[in-house]
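A.B. asks: Mind having a look at this structure? Questions to follow.
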Ligand code: PMP
Ligand code: GLN
């Protein structure tokens, strides 16, 4: 029997026909994060798929939002972000990265890193411009490039250690190349970009006059005593980069969709031209609460590495007797598990099957590739309470 919704879908499709709609993103469907979280909910499965903490943000931060709402801070913020928050961001960049930034001309508060990335691309990419991205690549980059009329040039990260092959980057650069997008710590692999790689990027970007978007949303989630390397710390890159950050990751508030972009004044000015007509502003009481929390707890981001490393280690140790091959993540709150000793199935099928059969949801990583290589990884988010991580590991040990 035809499902109940079929007639309305048919009507909709006829509507598209009649209206002569031509999709600007014909190959784009619902994101894997939405799909897997919905499947997890449907099957009552543990959800280690979409990246978000299952624990709450600091109480003081949540109370501060409530207070600012009740105190009447409920109207538009300035387009560039609340001055007090931009000041605190500048202080934090100095504290953690040792750099000075002008909060008025170089920092823009945005409603989520995704919006910041979109605006940076929309502001700088013209039809026909080529943008180099590295696969597996975060899913919002390509649609943003496509909507700007740009061409996405996918280069694979090396298999195994997910590093950048700079020879390959060099040979992919053409007269139409305009931008390179990097992401470190890297989602979904959990790898981080060594400082030498940033120097290599600086050399190439300067030589070919390329712009850079550096997606650093997991900047504080770097493990085993390593430091995060930011494009903002290299003068040649700082002069041509949009560095993108997300409060969602740092303060466990992904649902607040608030982040910021740091870029030199000329790039910031162009980004703001787009931002003011995409969303105009980020949410006022949330900005005020973040500013208050950052003032009172400036050392909070520095506690995150140890906190998440303990979770990574708990999860990996609990999997010691499983059949998965594991290389502990260097950063992010994601852990890849190599299932090659267990199955030859495609990762997308396995992620679905295991959600339904074993009640554990993960993310297949082939979806982040233009040409998925033969590899057998699933991504698990370890930003979860310890009992959930142990339950998940117990399920995985039985597979
Ligand atoms: N970039 C990467 C690599 C991410 O993992 C995310 C996560 N959600 C984002 C950007 C978007 O962050 P936001 O939720 O602040 O838009
Ligand atoms: N960045 C999150 C992840 O990698 C998901 C964000 C989203 O659902 N759009 O899981």
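A.B. asks: Which of 167, 130, 357 ends up with the largest GNM mean-square fluctuation for the chain, with Cα atoms connected below 10 Å?
C.D. replies: 167
A.B. asks: Cα centroids of region 186-233 and region 289-321: how far apart, whole angstrom?
C.D. replies: A separation of 21 Å, based on Cα centres.
A.B. asks: Need one number: the % of Cα-Cα pairs in region 90-155 sitting beyond the 21 Å mark.
C.D. replies: 39
A.B. asks: For the chain, report the translational diffusion coefficient in µm²/s to the nearest whole number, using Stokes-Einstein at 37 °C, 0.692 mPa s, and a Kirkwood Rh over Cα pairs.
C.D. replies: 148
A.B. asks: Order the peptides 38-45, 244-251, 277-284 from the highest to the lowest mean number of other Cβ atoms within 10 Å of their residues.
C.D. replies: By packing density, highest mean first, the sequence is 244-251, 277-284, 38-45.
A.B. asks: Considering only the chain, what is the antiparallel percent among its DSSP beta bridges, to the nearest 5?
C.D. replies: Around 45 percent antiparallel, to the nearest 5.
We did not get these values from a lab; they are worked out from the coordinates using the rules stated. The structure displayed is predicted, hence computed values, not measured ones. Cβ: placed from backbone, ideal geometry, glycine included. Neighbour counts: every protein chain shown.
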